[in-house]
1. Considering only segment 51-72, how many residues are exposed (fewer than 11 other Cβ atoms within 10 Å of the Cβ) and acidic (Asp, Glu)?
2. For segment 42-78, enumerate the residues that are among the aliphatic types (A, V, I, L, M) and out of contact with any Phe, Trp or Tyr (no Cβ under 8 Å at 6 or more places or on another chain).
3. So, ALA48, is that one touching a residue at least 24 places away in the same chain (Cβ under 8 Å), in contact with a helix residue (DSSP H, G or I) (Cβ under 8 Å, 6 or more places away or on another chain) and exposed (fewer than 12 other Cβ atoms within 10 Å of the Cβ) or not?
4. Might you check whether a residue that is among the polar types (S, T, N, Q), assigned to a loop (DSSP other than H, G, I, E, B) and in contact (Cβ under 8 Å) with a residue 12 or more places away in the chain occurs anywhere in segment 1-9?
5. Please enumerate the residues belonging to segment 41-68 that are outside any loop (DSSP other than H, G, I, E, B) and either over 19 Å from ASN7 (Cβ atoms) or out of contact with any Pro (no Cβ under 6 Å at 6 or more places or on another chain) (or both).
Amino acid sequence: MIVGEPNPLVGGVHDRMPVMLLPEGYDRWVGSGSTPDELLALLRPYDADLMEAYAVSRVVNSVKNDTEECIEPLADHE
């Protein structure tokens, strides 16, 4: 996993975030024709407008929990 600068949405929670590529960057990332500078240009914060943030249960805090509950929004925060 590659992490980088957070976007404004994630920045309020953490000082870094996973780098996520838009579909148009997929071929450049896995292809062999890109220069290092072209690849580095892909490692930028993901557009916050394409993301959603919401509170979840503390169940998410344990790696032992691999259930849908980890991503369900908390009812009292809706």
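Here, each number is a calculation from the coordinates, and none is a lab measurement. Small disclaimer: the values here were computed from a predicted structure and weren't measured. Backbone-built Cβ (ideal geometry, glycine too); neighbour counts: all protein chains shown.
1. 3
2. LEU43, ALA48, LEU50, MET51, ALA53, ALA55, VAL56, VAL59, VAL60, VAL63, ILE71, ALA75
3. So ALA48 fails the test.
4. Looking for residues that are among the polar types (S, T, N, Q), assigned to a loop (DSSP other than H, G, I, E, B) and in contact (Cβ under 8 Å) with a residue 12 or more places away in the chain, one finds at least one in segment 1-9, hence yes.
5. ALA41, LEU42, ASP49, LEU50, VAL56, ARG58, VAL59, VAL60, ASN61, GLU68
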